[in-house]
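Only one structure is covered here, and it is reproduced in the block below.
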Amino acid sequence: MRFDGVSVAYGGTTVLDRLDLTVGTGEVMALLGPSGSGKTTALRAVAGFVRPAAGRVLIGGEDVTALPPHRRGIGMVVQSYALFPHLRVEQNVAFGLKAQKAPRREIPARVAEALEMTGMAGYARRYPRELSGGQQQRVAIARALAIRPRVLLLDEPLSALDAQLRSGMLAELARLHRELPDVSILYVTHDQVEALTLADRIAVMDRARLRDVGTPQELYRRPRTEFTASFVGNANLLPVTVAEDGVRLGSTGLALDTGTAVPGSAATLCVRPHLVGLGAGPNTLRGRVTEVQWRGSTHRLYVSVEGHQVMADVRELREAPALGDEAVLHFAPEDGVLLGAGVSDD
């Protein structure tokens, strides 16, 4: 599917601004962003529930901008499940096939296939009220898959589930992705873990515009903007000044590859908390502990360094430091990413 300069406006307010984005065949693209960023509007434009004010939506190379939803060959799953309470599971799954006027003799086999694929074959005769939240979501996915869509749209599909069910459903969605190599998936979420776990690529949205796009590894390890760094995982974002041999955080000199950044220019240093170690080492930072959070397998330390807060996720601390203790931290030069620095014309 492809967004070709798609804009959507409500009452003069632009809620999606000139989106250009291509999702390949068999690719899972996550639209990640805060509430109001435009990600759900983009999904609804593909589904045909909103009409773009400008631009085109293409599926399989065909311009579907003017087509009604039922003629686009899409399956859709929303966070509220949207199952019909008076219909049994098998009837819910068959609903889309009947709406598409599929041959009656084919419907039972395709319903059984979709239920088997989602692990719900043994629940065909039950009503939605007799199912758990996770089971209801599986039925909703089976209904979307029964029509054999070219495109599968998932709109915050796990947000109504508890943490344990969400983890299990993530594994199930990953399995379905492997079993459906020709189906393109557009996955809307504000949850970083879901996006990092499932997506082949992530499109980062903010304030109606596409801000960044790349693989999860690219966006996490080498973010290009401060917004991406802060929204795709946790990050230390520290104001620094570019020097001849690295950068300076206040009076602390740090070794870092600054590329073509202009010495003397202001920049932001991005370092992920799990890459910050406790104790002396390369790029030593000294400060005082302002907060300690125990997170099971790790302690998160908050340390005031040169007037700025630095997070460090440290594993297996038998005795955590106390508030106010002096702390020495370090990170490897290759683990720091420089953002927003001025670039030399040379």
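The values are calculated or read from the model by the stated rules, or taken from the named source; none is laboratory data. Because the structure is a prediction, the values reported are computed rather than measured. Please note: Cβ atoms are built from the backbone with ideal geometry, for glycine as well, and neighbour counts cover all protein chains shown.
Computed values, structure above
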| item | result |
| --- | --- |
| Residues (among the aliphatic types (A, V, I, L, M), farther than 17 Å from A195 by Cβ and out of contact with any helix residue (DSSP H, G or I) (no Cβ under 8 Å at 6 or more places or on another chain)) located in the range 22-68 | A45, V46, A53, A54, L58, A66, L67 |
| Residue selected from the range 130-140 under the condition at pLDDT below 95 and outside any loop (DSSP other than H, G, I, E, B), by the criterion surrounded by the fewest Cβ atoms within 10 Å (Cβ to Cβ) | G133 |
| Yes/no for E316 being on the phi > 0 side of the Ramachandran plot and exposed (fewer than 13 other Cβ atoms within 10 Å of the Cβ) | yes |
| Subset of the range 146-176 (residues that are under 23 Å from T22 (Cβ atoms) and either touching a strand residue (DSSP E or B) at 6+ places or on another chain (Cβ under 6 Å) or not in a helix (DSSP H, G or I) (or both)) | R148, P149, R150, V151, L152, L153, L154, D155, E156, P157 |
| Residue pairs meeting the criteria (Cβ under 8 Å; at least 6 apart or on separate chains; first over 12 Å from G133 (Cα atoms), in the range 158-172; second in a loop (DSSP other than H, G, I, E, B) and of a type in the set (S, T, N, Q)) | E172/T118 |
| Among residues of the range 210-240, those that are in a helix (DSSP H, G or I) and either closer than 21 Å to V262 by Cβ or among the hydrophobic types (A, V, I, L, M, F, W, C) (or both), counted | 5 |
| Residue in the range 289-301 that is within 30 Å of L31 (Cβ to Cβ), part of a strand (DSSP E or B) and of a type in the set (K, R) present | yes |
| Selection from the range 17-27 of residues that are modelled with pLDDT of 95 or more and β-branched (V, I, T) | T22, V23 |
